[in-house]
Amino acid sequence: MNEFIKDFGLLINAMLIATPPLLYAALGSCISERSGVVNIGIEGMMTVGAFTGAALCYFIPGSPWLAFVLAGVAGALVAVIHAFACITCNADQTISGTAINFLAPGIAIFICRVLFADSTDTPAITDDASRLPKLLDGVFPSGSFWNNVLNIHVAGYICFICVAIVWFLFYKTKFGLRLRAVGEHPQACDTLGINVTKTRYIAVILSGFFSGLGGAYITMATTNQFKPAVIVGQGFMAISAVIFGKFTPHGAMLACMLFGLCSGVKVLAGTSNIISPNLISMIPYIVTILALVLFVGKARVPAANGKPYIKSK
């Protein structure tokens, strides 16, 4: 029984470690999608955030929160490119996002080579003061159930607070009402004097900021180092979570927790020699595909999603 409780605590811990980067990115994707702009470039924005966070931890030791926030800013700067292409130039949003997914990692790797002696990896973050801190570190005995469950990084708890903030923004503020309206009927919003371009720019930039935070969480809290493949499809998993969650912040949160739970199962199953590690590593992605197949038709997509708005003269 004690062994079962311990394994259950480890499973929850693994879920809470895997969920935050997905959830940060999913919140960003949700904001952009509800404004009517498809952001396939979440993966690339996460990669830039992951590199920025790890690199700043090396150059500005002892300032993890500054590095974390600036990683979000880096993601937001990449999002400006996507916003300009899609909103100002009326480019195809899917193609623009795909281009971001090629461009952003290339920029991150190029800068990494310049800064770190032609290496595509940043130095490992070995200084505890440069890592994102844990909220309850040392409060519970090491290896205990509550230590396994609750002793996660502060930024991991913050992402759940962000869900409440985004929900409040969507459904309890004037800006949220305008954001959702712009994603449904931009022509009507324009007639009422709502600046469609400005609203969509803010939404896309916020999506990049949250995506950058998600990428930084991976390199500053879990892997403690940037590598070219550090994101490994988590941006697309976040987008899937938004679809699975019916384009709502609370729905995306539940979907991200499900995907995080699958990652936890992958971690625990990896200690077994019965199943091939290659099959085990596929678990989160298989669940993602199944979720899309089973639920994508049931999710109501914002009416103007993916459609460029050209103001009539």
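For the structure I just gave you, tell me whether Ala55 is within 18 Å of the chain's Cα centre (by Cα), touching a residue at least 24 places away in the same chain (Cβ under 8 Å) and assigned to a helix (DSSP H, G or I).
No: the conditions fail for Ala55.
Could you check how many residues of segment 148-170 are surrounded by fewer than 20 Cβ atoms within 10 Å (Cβ to Cβ), farther than 28 Å from Ala303 by Cα and in contact with a Gly (Cβ under 8 Å, 6 or more places away or on another chain)?
Going through segment 148-170 one residue at a time, the tally reaches 1.
Mind counting the residues in segment 1-51 that are within 19 Å of Ile161 (Cα to Cα) and β-branched (Val, Ile, Thr)?
Within segment 1-51, residues that are within 19 Å of Ile161 (Cα to Cα) and β-branched (Val, Ile, Thr) number 4.
Here's a check for you: in segment 178-201, which residue that is in contact with a helix residue (DSSP H, G or I) (Cβ under 8 Å, 6 or more places away or on another chain) and without any contact (Cβ under 8 Å) to a residue 60 or more places away in the chain is surrounded by the fewest Cβ atoms within 10 Å (Cβ to Cβ)?
Only one residue tops the list, namely Ala188.
With the requirement that a residue be aliphatic (A, V, I, L, M) and in a helix (DSSP H, G or I), what does segment 106-137 give you?
Initially, segment 106-137 is screened for residues aliphatic (A, V, I, L, M), giving 107-109, 111, 114-115, 117, 124-125, 129, 132, 135-136.
Once the filter is applied, which keeps residues that are aliphatic (A, V, I, L, M) and in a helix (DSSP H, G or I), segment 106-137 yields Ile107, Ala108, Ile109, Ile111, Val114, Leu115, Ala129.
Right, Leu292: modelled with pLDDT under 75, among the hydrophobic types (A, V, I, L, M, F, W, C) and either assigned to a loop (DSSP other than H, G, I, E, B) or surrounded by fewer than 20 Cβ atoms within 10 Å (Cβ to Cβ) (or both) or not?
yes
Here's a check for you: in segment 138-167, which residue that is under 28 Å from Ala238 (Cα atoms) and assigned to a loop (DSSP other than H, G, I, E, B) is nearest to the chain's Cα centre (by Cα)?
Across segment 138-167, the extreme among qualifying residues is Ile152.
Any idea which residue in segment 184-208 is farthest from Gly44 (Cα to Cα), counting only those that are in a helix (DSSP H, G or I), hydrophobic (A, V, I, L, M, F, W, C) and over 23 Å from the mean Cα position of the chain (by Cα)?
Within segment 184-208, the first condition is being in a helix (DSSP H, G or I), and the residues that meet it are 184, 186-191, 196-208.
Filter once more, so that each one left must be hydrophobic (A, V, I, L, M, F, W, C): 188-189, 196, 202-206.
Among the residues that remain, those that are also over 23 Å from the mean Cα position of the chain (by Cα) are: 188-189, 196.
On the way: Ala188: 33, Cys189: 31, Val196: 25 Å.
For segment 184-208, the residue satisfying everything is Ala188.
Of all residues in segment 13-51, how many are β-branched (Val, Ile, Thr), in a helix (DSSP H, G or I) and touching a Phe, Trp or Tyr at 6+ places or on another chain (Cβ under 9 Å)?
4
Assuming Thr173 fulfils every condition listed in (1) over 30 Å from Leu10 (Cβ atoms); (2) hydroxyl-bearing (Ser, Thr, Tyr); (3) crowded, with 22+ Cβ neighbours inside 10 Å apart from one, which condition is it?
Single failed check for Thr173: (3).
Which residues, counting only those in segment 128-137, are closer than 24 Å to Met253 by Cβ, over 19 Å from the mean Cα position of the chain (by Cα) and of a type in the set (A, V, I, L, M, F, W, C)?
Hits for segment 128-137 are Leu135, Leu136.
Of Lys298, Lys313, which residue is closer than 23 Å to Cys86 by Cα, at pLDDT below 70 and not in a helix (DSSP H, G or I)?
So the residue among Lys298, Lys313 that is closer than 23 Å to Cys86 by Cα, at pLDDT below 70 and not in a helix (DSSP H, G or I) is Lys313.
The values are calculated or read from the model by the stated rules, or taken from the named source; none is laboratory data. These numbers were taken from a predicted model, which means no experiment stands behind them. Neighbour counts run over all protein chains shown; Cβ positions are idealised from the backbone, glycine included.
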